[in-house]
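In what follows, a structure is listed as structure tokens, so that the remarks can point back to it.
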Amino acid sequence: MSDTKTPTPGASSYYQRHIFFCLNERPNGEACCGQHGAQAAFERCKVLVKEAGLSGPGMVRVNKAGCLDRCAGAPVAVVYPEAVWYTYVDASDIEEIFHSHLQNGQVVERLLLPPDVGH
């Protein structure tokens, strides 16, 4: 059973969960999310959310982001309101983040970005 629900009046957040994918590309060759399949991950997540009927107010929003300043962990995404930072490798990781966290509220521990990984 999913904990995703319809909007409630006076809810504190417009979306139940909001995931931002860093899609930044650095032209000078420095490490960046854009070099690690971030665009494809973003697109896959959007499809999963839409197919599940979870997009819209009170549910889930998938957004592009510029640099999130955690380049050393590239690629990265962050889910709010929990402020959970993920790193991922492929579409199966994105599917796991979607099914576990975005759909059911369970953090995917194995994909957490260590807190000390920064720029």
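The values are calculated or read from the model by the stated rules, or taken from the named source; none is laboratory data. The structure displayed is predicted, hence computed values, not measured ones. Methodologically, a virtual Cβ is constructed for each residue, glycine included, from the backbone with ideal geometry; neighbour enumeration extends over all protein chains shown. Heavy atoms of the whole protein, side chains included, go into the accessibility calculation; ligands, DNA and RNA do not. Shrake-Rupley method; radii C 1.70, N 1.55, O 1.52, S 1.80 Å.
Summed over the residues of the chain and divided among them, the accessible surface reaches 54 Å² per residue at a probe radius of 1.4 Å. With θ taken as phi - 60° and the Karplus curve 6.51 cos²θ - 1.76 cosθ + 1.60 applied, the whole-hertz 3J(HN,Hα) list for the stretch 71-78 is 3, 5, x, 3, x, 10, 9, 9 Hz, x standing for glycine and proline.
Looking at the chain only, what percent of DSSP beta bridges run antiparallel? Nearest 5 please. If we restrict to bridges inside the chain, about 55 percent are antiparallel. Surface composition of the chain: carbon and sulfur make up 54 percent of the accessible area, probe 1.4 Å. Taking a ≥ b ≥ c as the square roots of the eigenvalues of the Cα gyration tensor, the stretch 27-84 is classed as prolate, since a/c reaches at least 1.5 and a/b is larger than b/c. Taking a sphere under 10 Å around the Cβ of residue 54 and counting the other residues whose Cβ falls inside, with K and R at +1 and D and E at -1, yields a net charge of +2. Nearest 0.05, what FRET efficiency do residue 116 and residue 51 give at R0 = 30 Å with Cβ-Cβ as r? FRET efficiency, residue 116 to residue 51: 0.25. With the whole protein complex present, residue 36 retains an accessible surface near 80 Å², based on a 1.4 Å probe.
Its relative contact order, with pairs defined as Cα atoms under 8 Å and 6+ residues apart, puts the chain at 32 percent. Rounded to a whole number of µm²/s, how large is the Stokes-Einstein D of the chain at 4 °C and 1.567 mPa s, given Rh as the Kirkwood radius over C-alpha pairs? Stokes-Einstein gives a translational diffusion coefficient of 90 µm²/s. By the Cβ distance rule (another cysteine Cβ under 4.7 Å), the unpaired cysteines of the chain are 32, 45, 67, 71.
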